[in-house]
Amino acid sequence: MQQQPLDLAAIRARLAAESGPHYWRSLAELAETDEFQEFLRREFPRQASGWLGPVSRRTVLQMMAASLGLACLTACGQPSEKILPYVNQPPELVPGQPLFYATALTLGGVATGVLVESNMGRPTKIEGNPDHPASLGHTDALTQARILDLYDPDRSQTVLNAGEISRWESFLAALEPNLAGHRATGGRGLRLLTESVSSPTLLAQMATLQTTYPQARWYQYEPVNRDNVHAGSRLAFGTELNPVYRFENAAVVVSLDADFLQAMPGNVPYANHFIQRRDVTQGAHTMNRLYVIESTPTITGAMADHRRPLRAGQIEAVARSLAAALGVADVVSMPLPVDMPASWLAALVADLQRNRGTSLVLAGDNQPPVVHALCHAINETLGNIGHSVVLTDPVTRPAGQVADVRQLVAEMAAGQVTTLVIIDGNPVYTAPADLDFAAAMNKVPLRIHLGAYADETAFLCHWHLPAAHALESWSDARAFDGTISIMQPLIAPLYNGKSAHELLAALLGQPTLSAHGIVRQYWSTQHQGSDFDSWWQTTLHAGLIAGSTLPLRAVKVQATSYATTNPTGGSPDTGLEINFQPDRSVWDGRWNNNGWLQELPRPMTKLTWDNAALISPHTATRLGLQNEDEVELRLRGRTLRAPIWILPGQPQDAVTVHLGYGRTQVGKVGSGSGFDAYALRTSDSPWFSSGLEISRTGQHHALVTTQHHFNIEGRDLVQVATLADYQHNPSVIHKDEHPPSLYPAHPYPGYAWGMAINLNACIGCNACTMACQAENNSPIVGKEQVALGREMHWIRVDQYYEGNLDNPASYHQPVPCMHCENAPCEPVCPVEATVHDDEGLNTMVYNRCVGTRYCSNNCPYKVRRFNFLQYSDQNTISLRLERNPNVTIRQRGVMEKCTYCVQRISAGRIQAEKENRVLADGEVQTACQAVCPTNAIVFGNINDPNSAVAKLKAHPLNYGLLAELGTQPRTSYLARLRNPNPEMPTE
Amino acid sequence: MQGDRIQPIAPIEPVLKPGHTYASISDKISDIVVKRKTTLGWFLGFGIAFSLTMVLFASITYLFIKGVGIWGVDIPVAWGFAIINFVWWIGIGHAGTLISAFLLLMRQDWRTSINRFAEAMTLFAVACAGLFPILHLGRPWLFYWLIPYPNTMGLWPQFRSPLDWDFFAVSTYATVSLLFWYIGLIPDVASLRDRTEKRLPRLIFGIMALGWRGSAQHWHRFQMAYLLMAGLATPLVVSVHSIVSIDFAAAIIPGWHSTIFPPYFVIGAIFSGFAMVLTLAIPLRRFFGLQDFVTLRHINIMAKLLLLMGLGVSYGYLMELFMAWYSGDQFETYVSLNRLTGPYWPIFAGVIACNVLAPQLLWFPRVRTNTLALFGVALIVNVGMWLERFMIVVTSLHRDFLPSSWGMYRPTFWDWSTFLGTLGLFFTLFFLFVRVLPMIPMFEMRELLTHREGHTREEQQKLAVEPEGSVA
């Protein structure tokens, strides 16, 4: 502001004229310049003076109303289109009453049907859709964490043009001349790159695009793809097919590096069906038997009755031997690896032969096509096809995704691409290292990126468009078996994000079409019957299109196609092998900024916030490496620095690295975490490769785990028996009696809540931990705090090893609060902040807690969590929207722990009281119980002898953890059973 | 006041060097306060202590802003330095009460010259200790919820919780110690009032003296009150640390849940208290030239007591290990094994070296009367007793029942700064005390003189075969 010169003489005169003490701030004030008056007005706006006077009730109410109104305006609006609640459709929203909507979420293009809880227009919790085949009412940890994604404050919030904030309209205006050019040339130079796509609407749009721009090409690439599955079925059957496994029909399962319990489309129903065959609590006295041969420890391997660690490259040899032994014709055999005893394989073969038609051999997505082809041949030979495995047409558009991206890079490098549209995905980060995607892409004159984050790819694109979250936009997708769900939004896009449908419509010259219009329009053309509106409503309501499951294909294995394939395993017994795996939390890196997933202890390693180079204890000794030693991994001229983590059960001479870390353009949460394993991943060997060299750099990189001690120290914490012993004597396990007490037992005349956790059903997938975090507003604490042992998970999955270091058996044990009837935490609290209620819950009164932490010290199970600092983010607005309104946000200095989801119990009890009845069994489900894919967690009223939980507690396998202490835990465990093959040679 | 005083068999140092008169005692002690110039050494020591106190205040400020997460506490080790320091400081206080109250009732006249500063030590140690339970809270601003007071919530504290007993025990202890110390000060403060020439100190001493005129009635009531307070304070020597020990013993954690804890803690407390008295007495008599009043006899007796208590705690350690083995309880056994061989084995080794081995030197009279050596042993015991509390708190918690939740505890900068800060606070208060109040009770020393002269008279009377007379 230009200042006028001060008139000092006038100031003097004015001061002289004043009487009494007169205080002045500056010469400018004295001069009463216009600037000063302006400054005053700006600094102290007139409206603010309202607060200086007496505040009237009316003013306060006005301000409150205005604040509330403004606060609501910021984000949470109902989407403008009509969406349908799942169960009941009230005339209006009932405040405080959540509504559930059916929709679906995708990973790798494959959908899982979910019901999303909406509190006053805010989606807050994801549950499984019981009617959906990919869910059966349950979900996994990744799906649970999607709700946090929606509210991630680091999500891309605006259109960016060369890094500058712009608008969708500006983008359209800039796009138009380019499109005009493409229309003239038939789209020559126009390339689209998407992730795996199963959406019928998007496929239709792509088809339209192909007709509009015949020269345009559409490529698909995502780093964790199913190329091998498709190529394997092409090898075996001559056409790309999608195998769907039916574990409910399999008595013997052989997994060749397939982590079907966690990292495969359909993992939730697979786990459910697999565990159903192991359940002995419902009267059955038999179990299926699982053999796992795997290249890195997974939870599937942990469930195995027999497990062999082998390098990924050695598994083909096993598959060939297996096929040959089972009578598959013309198999070119390979020598068995030294770590695979022939007697082991013989016992497995005999077991398979005894179970023709009820066995299943499956290969992991990382195994080469020939292994998949061999599995198909084995299954056909054993008569399993049509029983334990069926085949359908592919769910996602089959494409050699690596070939696709290689082709795209070649075209870009050759200057043939003039417009590149990247829809979702982050190829600059995830593309194979040998292709140098970024350099090729930089030759494209117009690069457009639609994505949830302004990520590495967005950084190199001319235009970045914020993508709508799956819960913000309309779409559709197929499940692992082809079932189609229509995805409906729960909330209007928080940041005006656009969906792929809308971007494609813009490319087709219809930028005004909404995603809703596009999806609905597509289905109105597909719908055969008369009343589309009611079909549409029914479909949305149910969360899936009835009868849309892909039909089974009756195919035969082509006699010689797999046999003529020469062995591809190279020299499997020499040198170090590197094995790339998607991280079980952040996956391919897309959820790197999701704090819940970052802090979720990875199965088997319990690592959080980092990835590591996993090696076996034996290899570590040989190479002289310790945990957290930083090493340089060299593979064909590429190098990568990574910290070492020694993992029992890892194959010898194999290094497993997980993808998804070391991001450079990521939000606050993911920033600086881990190393980028893509740096070594090449297009010719995207999953494993031999010839790895390793050397210590002398540096250290701190890794943090939530569990430091995996030795059970000979304590009876996880009880394990074999099925044979159990059949012989059901009371096979050791039980500690409650020691006698001088005090009479406390009566619980009404409900008495209790929980039974079936260790025989628990697969250790972490879904319970994640669901609990989502339900109970548990904060994340960050790497440093986890390192200090201050993670806040109310239910943790403990893991113990048994046996030798190289191939130990491992057991998972979820540990929530035991709600002891004689809770040691209660008498030691000096302020009665933790007390029992009349239904037997050990409750935690946050308001009363002063934070002595004595309760935690005295808890033998160490399930209590303390807010050592202010962990809950109280400032980020978008995160406030995410929270469950029925659960308190905890202040620093307050103890917290599992409440058995007391808010759900209360809601259920209130409902039952309104209807003048008692709660039915299963009416109240805790979050961990609801999510559990295998129903390992059962909660209910133990006073009701007919309740599921009471029946489980009466089961001979039921035992109390540390029962000898006399705590009388309300949470009890059912022992784990193993079903070893008696013919198997002992190790 | 007649009694068959046991006469020393061997000629030993008297509790008061010969040649003193009433006047010389009063002069020598009161001059330190009212006449002697504040020395450079005092300023230096006070400066260091005061700086550390400022560190304490800074640490507390940061603690209140951020929360207890700035410390190394975690799950499973939810108690750390705060509780260790609390127990350590409370323990140190015990020797003061033992000397001033218990030995008063036992008519141990050697206590006289050391009881004032031992009691001041108690008071300041309790002040330091009392900070920790509050700082340690997750929400320290709500500490008063531990107090049973009528409130709108209609809630009482949990009377089953040892932490609540702790609150009563420590607050009672602090109150009684303060009163006892103050009552004992009254005649001396009156002397200072009469000897001070400056106006302000005279005013302050005058107010503190509560109108003491030294009349027979005053003396009579004073003696009665003092004796009663001693009677009140004596059980506290046993009760306070017993209750502190129950903070641990009432828990079910192996390594804590033990019936031996109350006596074991009391002995440990007196052990550390005597070590601290020696740590303070030896330099004090040196710097203020008080060798006449705090003689080698005092030093020797305290060294012997230190040895005795050292043997007591050694017995405690032995019994803990024995019971762990004898119980056959796998968790108890593991805790002991873990103390010996686990990651915190240096702590256990330190405890044994400092508390069991180092005091054995005190069997030798040469060590007991060599003030420098004794000072060293006392310092070692101070450290050892702190390590013992670390061992009890941390090694029991860090590996309890479920191996999956085992963890470690690593103190942070703020743990150390708070601990050192309370050392600063303690010494700041102590420096102020020796500067403004008589560190040795003048009137009781004068009584000693009376007794001694009485002795002489008694002996004369005995020689004259006269019947025994009153010596009061």
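Note on B:LEU210 and A:GLN282: their simple-model spin labels are 8.1 nm apart, each label 7 Å out from Cα toward Cβ. Each Lys or Arg adds one and each Asp or Glu takes one away; over the other residues whose Cβ falls under 15 Å from the Cβ of A:VAL863, this sums to +2.
On the beta carbon distance between A:GLN353 and A:SER683, with R0 = 30 Å, the FRET formula returns roughly 0.15. Lysines within cross-link reach of A:LYS498: Cα-Cα under 20 Å, excluding same-chain residues under 8 positions apart? Within the straight-line limit of under 20 Å, A:LYS498 reaches these lysines: A:LYS82. Sort region A:752-978 into rounded, prolate or oblate with this rule: let a ≥ b ≥ c be the square roots of the eigenvalues of the Cα gyration tensor; rounded if a/c is under 1.5, and if a/c is not under 1.5, prolate when a/b is larger than b/c, oblate otherwise. It is rounded, given that a/c, with a ≥ b ≥ c, falls under 1.5. For chain B, the longest principal axis of the C-alpha atoms and the axis of helix B:371-390 are separated by about 30°. At q = 0.10, 0.20, 0.22 Å⁻¹, what base-10 log of I(q)/I(0) does the Debye formula yield for region A:409-507 when every alpha carbon is treated as an equal point scatterer in vacuo? Each listed q corresponds, in turn, to -0.33, -0.99, -1.08. Each label point was placed 7 Å from the Cα along the Cα-to-Cβ direction; for B:LEU321 and A:GLN97 their separation is 7.0 nm. How big is the antiparallel share of DSSP beta bridges in the protein assembly as shown, given as a percent to the nearest 5? Looking only at bridges with both residues in the protein assembly as shown, the antiparallel portion is about 55 percent.
When the pairs A:LYS897/A:LYS951; A:LYS125/A:LYS897; A:LYS862/A:LYS953; A:LYS125/A:LYS862; A:LYS606/A:LYS953 are compared against a 21 Å limit on Cα-Cα distance, A:LYS897/A:LYS951; A:LYS862/A:LYS953; A:LYS125/A:LYS862; A:LYS606/A:LYS953 fall above it.
Compared with the alpha-carbon gap, the fully stretched path from B:LEU449 to B:ASP329 is longer by 37.3 nm at 0.36 nm per residue.
Would you work out the relative contact order for chain B, in percent, from Cα pairs under 8 angstrom that are 6 or more residues apart?
About 31 percent, as a whole number.
Only lysine pairs 8 or more places apart or on separate chains count here, and in chain B those with Cα atoms under 26 Å apart total 9. Please compute the net charge surrounding A:SER671, taking Lys and Arg as +1 and Asp and Glu as -1 over other residues with Cβ under 10 Å from its Cβ. My count for the surroundings of A:SER671 gives +1.
Projecting label points 7 angstrom from Cα along Cα→Cβ for B:ALA58 and B:LEU179 puts them 4.0 nm apart.
P(r) tail for region A:342-412: Cα pairs beyond 15 Å make up 67% of the total. For region A:227-392, the relative contact order works out to 33 percent when only alpha carbon pairs closer than 8 Å and six or more residues apart are counted. The angle between the Cα long axis of helix B:442-463 and the main principal axis of chain B comes to about 60°, on a 0 to 90 degree scale. When only alpha carbons are used to place a centre, region A:650-700 and region A:577-622 end up 10 Å from one another.
Over all projection directions, the Cα-based convex hull of chain B averages an area of 26.1 nm². When the distances between all Cα atoms of the protein assembly as shown are binned every 20 Å from zero, what whole-number percent does each bin get? Answer for the protein assembly as shown: a P(r) of 9, 30, 30, 19, 10, 3, 0, 0 percent. Computed from Cα atoms, the angle from the helix B:40-66 axis to the main principal axis of chain B rounds to 30 degrees. For region A:414-428, 3J(HN,Hα) computed residue by residue from phi via the Karplus equation (6.51, -1.76, 1.60; θ = phi - 60°) reads 7, x, 7, 9, 9, 9, 10, 10, 9, 10, 6, x, 9, x, 4 Hz, glycine and proline entered as x. Along the Cα-to-Cβ line of A:GLU802, 7 Å from the Cα, sits a label point; which residues in region A:294-325 have backbone N less than 15 Å from it? Answer for region A:294-325: A:302-307.
If you average the C-alpha positions of region B:258-302 and of region A:835-897 separately, how far apart do those two centres end up, in angstrom? Here the answer is 45 Å between Cα centres. Taking a straight line from the alpha carbon of A:LYS783, these aspartates and glutamates sit under 13 Å away, with near neighbours fewer than eight places off in the same chain left out: A:GLU599, A:ASP610, A:GLU791.
Reducing region A:412-464 and region B:21-89 to their Cα centroids gives an inter-centroid distance of 64 Å. Based on C-alpha pairs under 8 angstrom that are at least 6 apart in sequence, region A:752-978 has a relative contact order of 31 percent. Near A:GLU826: Cβ cut-off under 9 Å, other residues only, Lys/Arg at +1 and Asp/Glu at -1. The net charge is 0.
For region A:576-705, the Kirkwood radius over C-alpha pairs fed into Stokes-Einstein at 25 °C and 0.890 mPa s yields D = 170 µm² per second.
No value in this document is a laboratory result; all are computed from the given coordinates. For clarity, every value in this text was computed on a predicted model and none was experimentally measured. Neighbour counts are summed over all protein chains in view; Cβ atoms, including those assigned to glycine, are modelled from backbone coordinates with ideal geometry.
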